[in-house]
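In what follows, a single structure is set out as structure tokens and then discussed.
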Amino acid sequence: MIFPFSAIVDQEEMKTGLILNVIDPSIGGLLIMGEKGTGKSTAVRALADLLPEIEAVKDCPFTCDPSGVLCSKCTEDLQNEGHLHPTRKKMRVVELPLGITEDRLVGTLDIEHAIKKGEKRFEPGILADANRNFLYVDEVNLLEDHIVDLLLDSAAMGVNTVEREGVSFVHPARFMLVGTMNPEEGDLRPQLLDRFGLCVGVTSLYDKGQRIEILRRRAAFDSDQGLFYKQWNGEQQKLSGRISAARSIVDSIPMDDRVLEKIVSVTASLKLDGHRADIVMMKTSRALAAFRELSTIGSDEIRDAAWFALRHRLKRLPFEEIGAEREKVTEALALI
Amino acid sequence: MRCSSFIGHDEAKLAIILNAIDPRCGGVLFVGEKGCGKSTLARSLRSILPSGTPFVELPLNVTDESLLGTIAIEDTLRTGARVFQHGLFSRAHGGVLFIDDVNLLSPEIVSLILEVQGRGENIVEREGLRMRHPASFILVASMYPEEGDLSPHLLDRFGMCAGFERLTDAGERMSVVRAAICQDQTDADLELTERIEVARKILPTVSVRDRFLEYIADICINYNVAGHRADLYLLAAARAHAAFKGNEDVTREDINTVASLVLMHRRRELQPPPDQQEDPPPPPEHNHEPPPDNQQEQQPEPPQNNTDEQEHDQPPKPHELPPQKEEVFTVGQTFQLKRIAFRKDRLERAASGRRTRTRARNRGGRYVKSVLRQNRDIAIDATLRAAAPFQLVRKRTDVVVINEEDFRYKRKERKMGHLAIFIVDGSGSMGAQKRMVAAKGAVQSLLMDCYQKRDTVAIIVFRKDRAEVVLEPTASVEHAARRLREIPVGGKTPLGAGLLEAYRLLQRVGRKRPETRFLILLITDGRANQSVTEMPPDEEVARMAALMSEQAGIDIVVVDTEEKGRFTTMDRAASIAALLGADYHTIEDLKADYLVDIVKRSFPEV
């Protein structure tokens, strides 16, 4: 049984970062940086419980969106039958283990099928599971470079194209990449860093009351998980209700020029390259507004979104720590 | 050997017992010299665990496959369906994973252990297999710290840590010998087993009053531990201890007794700068009253065991540089380093640039993909996939037909280790004319280059009467930069000690990762005036230099920090560079932009 998300003490920034990605998956994931033992992995795994259902093609291992990009199989079915069978599927947190081999990441030939039938059939890999879901890599900075390359490839394209062992297959692979890392164990490649929509830092809590509360909840969870779950069920329901409500209004929140101008003024004054930062900041402030049950984006949302979206994108001297740029951002945010 | 017959090391023994009572205590790491019984005591845990509890030993040469599980060759070939062969993680589920000399494990294996243990589940996505199984286990391990360090991350996963000293008491030593030859200790063992049995039954009813939860939180805050695992392990250990005593209520004494076991390995390596954080208070007294419930602000003293004999069990202390007359200089101007041609022939190195991966020569390394080119490791999954489509044609009957052309092999990769060791002179002479400011600027410039190449770096500082590794090898250059800022200056110049420390570090890292390439950067004015042996300082330096220059796979660069063109100029660093067979540069060279992407030249890219 997983520790309930709402029972995690404090760490609001990390929790909000995850929730914003549920509200708008196109934000593009979250990198959680922090010390060991601060509940990073607990939070990501707990998120699974709060995830909503999405529309998907029935029995499609790639969770194809009936009205979106389709896999080779669904494309074929649509041609042959003229329609697809939609169903509802709960979003998932798919884990990518460190010891993964290439074949299991991208998918490959189905051995049993080939032996029995003498036919080559595609067997989906982790990227298939991850489509439209969260893809979680614990200790993402320890992942083998070779695997990172493959991950970056499909993240950039949004599709996984397989040409190996005589099998050809294409399927959509759009996932929210969630990574946790302890910066002391090594840095992350810049290309990979940029793939994460948002970034938060977590630190140990030094408030005595909070520490005691952590102890208390953990002890209660350990002694009777079922009971603990029941006790937190109300909170969990409330939170997932709030997330669904936000999901349903997020697209209707207007992004008028006034908002866009403010965002651009921040990114411009920080001299950020490219436009990914602007786009992510825009989507994040909108998702924040939705989560806060607002009908318009205010300056507060833009300011808060900036911290999520910009922390890991600021140009810094090679060994300025992430976070050292706090002053620069504060300055830029004072303008709006 | 049985646990009850184990002589001495009461604290370590207690750790084993508490873990036998409640696995939530999170395992234990034994730290100490060779041959003092660490492994013997760890293995004795087997005899007091409930029967049927797995106790799995993890050998140092373990492969990813044997750890995570792999494809079972025979069954797979016979049935034509992939069959999973369980690995050590699976066998350790619900029990103990024991690792002797845990600090010698390769970083790749360590990261797998951390991942799977943290998740409590093994997710296998490899060799064509997809499989998940529960894998919750506690880690019990031993290490001899001089042979290598342990990642702080892995350290954090041990609920407890106990130090082992060589027994000096003659009586105790005699008993060890006696116990070793006499196997008949079953009565005492039985008694202990019974006591543990009883404790296990009481455990669920053991409760902790709020003020003691507060006490635990206080201790952990005062100890400035990273993260929240310490609190949880301390709570678990205190409960197990209460149960062992037969009590249903955790007392302050329970917490105090187990606190050093839980906390000894969790103090941060180095204290944060004093302006940010006060020094943690001294270890606590035993006979203190708990804080009354209504007085929140009263700070309890953090705990320590009351007996003197436990003082020698203290963990390797964080490197605290004593507060004497010394200065910490800022980091001077950094500068762009330019590339020039290299004197030495670096051809041998041409095949191993940074961030390039070498094909692992032996069976180490991680299987990432299969290839056609023959080597010793057959990739069963890929071979099967190659053969599978032809089975009907080949008229398979009872076993999969594999032909010569089907064979595929594993390509294993391992990140090439490049370690740049900075040996920095922190003696008083570096304070003159603020040479240290310039030296730090030089180091920072070199660090920047390491960052771009993703080398690992380590920093050794020598001053006063010794040298110490102020930064263990790390891939985090941010970390290194922070440590660089903190280097103080003052005292004599034990240059020989600096070289010796570097030599030891080379040996340690080399043992763990034999393929590592080293770059040593010695930043000094060369005015050695303090030895750590009986030899005069200069002779000591010469001896160490000879030792160092004999090592294979090492490049050495000396950066001379002496101010040139004065009547006091001695050029001692230049002659040391000659002894070391090193490249020699002055800071002025560096500043004048003549130089040199030193790091780049030594670890050329492909």
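Only the coordinates and a few stated rules stand behind these numbers; no lab work does. Keep in mind the model is a prediction, meaning the values are calculated, not measured. Neighbour counts are summed over all protein chains in view; Cβ atoms, including those assigned to glycine, are modelled from backbone coordinates with ideal geometry.
Among the helices of chain A (complete DSSP H runs), which have Cα atoms covering no less than 15 Å along the helix axis and a Kyte-Doolittle mean of at least -1.0?
On the way: long enough: A:12-23 (16 Å, 0.60); A:145-157 (18 Å, 0.85); A:208-223 (22 Å, -0.90); A:225-249 (34 Å, -0.82); A:257-269 (18 Å, 0.38); A:276-291 (22 Å, 0.52); A:299-310 (16 Å, -0.02).
Length and hydropathy pass: A:12-23, A:145-157, A:208-223, A:225-249, A:257-269, A:276-291, A:299-310.
Quick query: amide H of B:Ala72 versus all other amide H atoms, modeled in the peptide plane; which residues come in under 5 Å with a sequence gap of 5 or more or a different chain?
Amide H neighbours of B:Ala72: B:Val83, B:Phe84, B:Gln85.
Take A:Val264 and B:Val83, extend 7 Å from each Cα along the Cα→Cβ direction, and tell me the distance between the two endpoints in nm.
6.6 nm
What order, most packed first, do the peptides A:97-103, A:143-149 have when packing is the mean number of other Cβ atoms within 10 Å of each residue? List each step's numbers first, then the result.
Details: A:97-103: 24.3, A:143-149: 18.7.
My ranking of the peptides, most packed first, is A:97-103, A:143-149.
Hey, in the GNM for chain A with a 10 angstrom Cα cutoff, which one of A:Asn133, A:Asn233, A:Asn21 fluctuates hardest?
Sorting by GNM fluctuation, first place goes to A:Asn233.
If amide H atoms are built 1.01 Å from N in the plane of the peptide, which residues on other chains or at least 5 residues away come under 5 Å of the amide H of A:Arg174?
A:Arg132
Residues in the stretch B:533-552, backbone N under 18 Å from the label point at B:Leu579 (7 Å along the Cα-to-beta-carbon vector): list them, ranges by number please.
B:533-551
Report the Stokes-Einstein translational diffusion coefficient (µm² s⁻¹, integer) for the stretch B:10-186, Rh taken as the Kirkwood radius over Cα pairs, at 37 °C with viscosity 0.692 mPa s.
Estimated via Stokes-Einstein, D reaches 187 µm²/s.
Report the Cα centroid-to-centroid distance between the stretch B:25-104 and the stretch A:170-227 in angstrom, as an integer.
28 Å
State whether the stretch A:251-334 is rounded, prolate or oblate according to the following rule on the C-alpha gyration tensor (a ≥ b ≥ c being the square roots of its eigenvalues): a/c under 1.5 gives rounded; otherwise a/b larger than b/c gives prolate, and the remaining case gives oblate.
Details: a/c = 2.21, a/b = 1.94, b/c = 1.14.
Here the stretch A:251-334 falls in the prolate category.
Considering only the other residues whose Cβ falls under 15 Å of the Cβ of A:Ile115, what net charge follows from Lys and Arg at +1 and Asp and Glu at -1? Kindly include the intermediate steps, with their values, before the conclusion.
Working: positive: A:Lys116, A:Lys117, A:Lys120, A:Arg121, B:Arg78, B:Arg82, B:Arg385, B:Arg394, B:Lys395, B:Arg396; negative: A:Asp110, A:Glu112, A:Glu119, A:Glu123, A:Glu165, B:Asp75, B:Asp381, B:Asp398, B:Asp406.
For residues surrounding A:Ile115, the net value is +1.
Please list B:369-382, B:230-243 highest first by mean number of surrounding beta-carbon atoms within 10 Å per residue.
On the way: B:369-382: 17.5, B:230-243: 26.7.
Order by mean packing, descending: B:230-243, B:369-382.
Averaged across A:25-38, how many Cβ atoms of other chains sit within 10 Å of each residue's Cβ atom?
Working: counts 0, 0, 0, 0, 0, 0, 0, 0, 0, 2, 8, 14, 14, 4.
That works out to 3 on average.
How well do other chains shield peptide A:105-118, expressed as the mean number of their Cβ atoms within 10 Å of each residue Cβ?
Working: counts 3, 0, 0, 5, 8, 3, 16, 6, 2, 10, 14, 6, 4, 8.
Average per residue, whole number: 6.
At 222 nm, what helix-only mean residue ellipticity would chain A give, in deg cm²/dmol to the nearest 500, using -39500 (n - 2.57) for each DSSP H run of four or more? Intermediate results must be reported in sequence, preceding the final value.
Numbers: 14 runs with 157 residues, N = 336.
Rounded to the nearest 500, the figure is -14000 deg cm²/dmol.
Hey, with R₀ at 45 Å, roughly what FRET efficiency would A:Gln79 and A:Lys238 work out to, going by the Cβ-Cβ distance, to 0.05?
According to the calculation, E is roughly 0.50.
For labels at B:Val393 and A:Ala220 in the simple 7 Å Cα→Cβ model, what's the distance in nm?
Once both label points are built, they end up 6.5 nm from each other.
Sequence-distant or interchain residues sharing an amide H contact under 5 Å with B:Ala467, placed H: which?
The list, which skips near neighbours in sequence, is empty: none.
If you count, for every residue in A:88-96, the Cβ atoms of partner chains within 10 Å of its Cβ, what is the mean?
Partner-chain Cβ atoms within 10 Å, mean over residues of A:88-96: 1.
Please sort A:282-289, A:112-119, B:251-258 by packing, taking for each peptide the average over its residues of neighbouring beta carbons within 10 angstrom, highest first. Walk me through the numbers before you get to the answer.
Working: A:282-289: 26.5, A:112-119: 17.1, B:251-258: 23.1.
Per-residue Cβ counts within 10 Å, averaged per peptide and sorted highest first, yield A:282-289, B:251-258, A:112-119.
Normalised by the number of residues in chain A, what is the relative contact order in percent for Cα pairs under 8 Å and 6+ residues apart? Numbers along the way, then the final one.
Numbers: 537 pairs, mean separation 74.9, N = 336.
RCO, chain A: 22 percent.
Taking square-rooted eigenvalues a ≥ b ≥ c of the alpha carbon gyration tensor, is the stretch A:184-336 rounded, prolate or oblate, where a/c under 1.5 means rounded and, failing that, a/b exceeding b/c means prolate?
On the way: a/c = 2.38, a/b = 1.37, b/c = 1.74.
Taking the square roots of the gyration eigenvalues as a ≥ b ≥ c, the stretch A:184-336 is oblate.
Using only the Cα atoms of the stretch B:427-568, build the gyration tensor, take square roots of its eigenvalues as a ≥ b ≥ c, and label the shape rounded, prolate or oblate: rounded if a/c is under 1.5, else prolate if a/b is larger than b/c, else oblate.
oblate
Name the chymotrypsin sites (Phe, Trp or Tyr not before Pro) in the stretch B:498-580 that are in a loop by DSSP and that have at most 11 other C-beta atoms within 10 Å, would you? Kindly include the intermediate steps, with their values, before the conclusion.
Working: sites: B:Tyr503, B:Phe518, B:Phe567; in loops: B:Phe567.
Passing sites in the stretch B:498-580 are B:Phe567.
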